[in-house]
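These notes concern the structure reproduced below.
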Amino acid sequence: MKLEYIGHATFAIDLEDGRRLVIDPYRGMSFDGRFNYPPFHSHCDFALLTHEHLDHNWLGDLQGTPVVVRQAWHDAGLNVRSLFAWHDQFQGTKFHGYVLMKIIESEGLRLAHLGDVGELLSDVSLAAFGPLDVLIIPVGGFYTIDGDEAARITRALHARVTIPCHYKTPLCSLPIEGPERFLSHFDLVHYAQGPVDVHNLPSGILQLAPRFGASRPHIHTKN
């Protein structure tokens, strides 16, 4: 399994059987000039959507005839299910609704993508994830949980690898923060570029450089 961070909250997963999953595809060049990621033109077999906002549900640039998975999918080599969470701390009244966080199982691996989760998750919700190889979590705040809240959820879920997303970059001037606050909670941050082999990722926090909008890595260790 190969994982690539495209930008914002969009990720691509390439399975060994040749199928490609795209999670939360964005609409490029949108939000009145505040979201300048270029369109992501890609072949896609499955489009996994956590919620119906244009930076997470844009199918117009995907190529092929993807199966759109909003809730669940199951076949011999792929299992997808969803967990409910509010988009904000006011039961969805601030940012119009909820998100369906995704759990993806394939090739003996379990990944979770939290979409635009905007609330601290309850113990019941946290337990529903089960063991995770990879956690993809928003950290930019305002529309989602912020870096401090994301660190709390990261520690509670104990994923083998955690990858931050949905943060400010040179291509995004939405009112969100960069990843620094989240990363400052951890003693060691790994850094990688391009598609990565999920089986061989180092354990801990991984700053995975996006294809679009990458800036200098925020690598640090604490003594």
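The values are calculated or read from the model by the stated rules, or taken from the named source; none is laboratory data. Since the structure is predicted, the reported quantities are computational estimates derived from the model, not experimental observations. Ideal geometry is used to build each Cβ from the backbone, glycine not excepted, and the neighbour counts take in all protein chains shown.
Mind checking whether some residue in region 196-217 is closer than 16 Å to residue 83 by Cα and more than 16 Å from the chain's Cα centre (by Cα)?
If we filter region 196-217 for residues that are closer than 16 Å to residue 83 by Cα, which is where we start, we get none.
Taking every residue of region 196-217 in turn, none turns out to be closer than 16 Å to residue 83 by Cα and more than 16 Å from the chain's Cα centre (by Cα).
Working only within region 41-98, note down all residues that are among the aliphatic types (A, V, I, L, M), touching a strand residue (DSSP E or B) at 6+ places or on another chain (Cβ under 8 Å) and either within 22 Å of residue 144 (Cβ to Cβ) or free of Cβ contacts under 8 Å to residues at least 40 places away in the same chain (or both). Outline the logic, then answer.
Initial filter on region 41-98 (among the aliphatic types (A, V, I, L, M)): 47-49, 54, 59, 62, 67-69, 72, 76, 78, 80, 83, 85.
Imposing the further condition that a residue be touching a strand residue (DSSP E or B) at 6+ places or on another chain (Cβ under 8 Å) reduces the set to 47-49, 54, 59, 62, 67-69, 72, 78, 80, 83, 85.
Matches in region 41-98: 47, 48, 49, 54, 59, 67, 68, 69, 72, 80, 83, 85.
Suppose we keep only residues that are touching a helix residue (DSSP H, G or I) at 6+ places or on another chain (Cβ under 6 Å) and of a type outside the set (A, V, I, L, M, F, W, C) within region 132-187. Which one would you say is farthest from residue 9 (Cα to Cα)? Going through the qualifying residues, I end up with 185. The strands (runs of 3 or more DSSP E) found entirely in region 133-211 that carry 3 or more residues being in contact (Cβ under 8 Å) with a residue 12 or more places away in the chain and more than 21 Å from residue 118 (Cα to Cα) are 189-192, 204-208.
Could we say that residue 144 is surrounded by fewer than 23 Cβ atoms within 10 Å (Cβ to Cβ) and among the polar types (S, T, N, Q) here?
Working: surrounded by fewer than 23 Cβ atoms within 10 Å (Cβ to Cβ): no; among the polar types (S, T, N, Q): yes.
For residue 144, the condition - surrounded by fewer than 23 Cβ atoms within 10 Å (Cβ to Cβ) and among the polar types (S, T, N, Q) - is not met.
Residues of region 142-152 that are modelled with pLDDT of 95 or more and either within 13 Å of residue 184 (Cα to Cα) or more than 14 Å from the chain's Cα centre (by Cα) (or both): 146, 147, 148, 149, 150, 151, 152. Candidates in region 87-123 are the residues that are aromatic (Phe, Trp, Tyr) and surrounded by 15 or more Cβ atoms within 10 Å (Cβ to Cβ); of these, the one that is modelled with the lowest pLDDT is 95. Residue 65 meets the conditions (1) farther than 20 Å from residue 211 by Cβ; (2) β-branched (Val, Ile, Thr); (3) surrounded by 14 or more Cβ atoms within 10 Å (Cβ to Cβ) in every case but one. The failed one is (3).
The set of residues in region 3-54 that are farther than 20 Å from residue 207 by Cα and in a strand (DSSP E or B) comprises 20, 21, 30, 35, 42, 43, 46, 47, 48. For region 1-37, enumerate the residues that are more than 18 Å from the chain's Cα centre (by Cα), of a type outside the set (Asp, Glu) and at pLDDT below 95. The answer is 29, 30, 31, 33, 34, 36.
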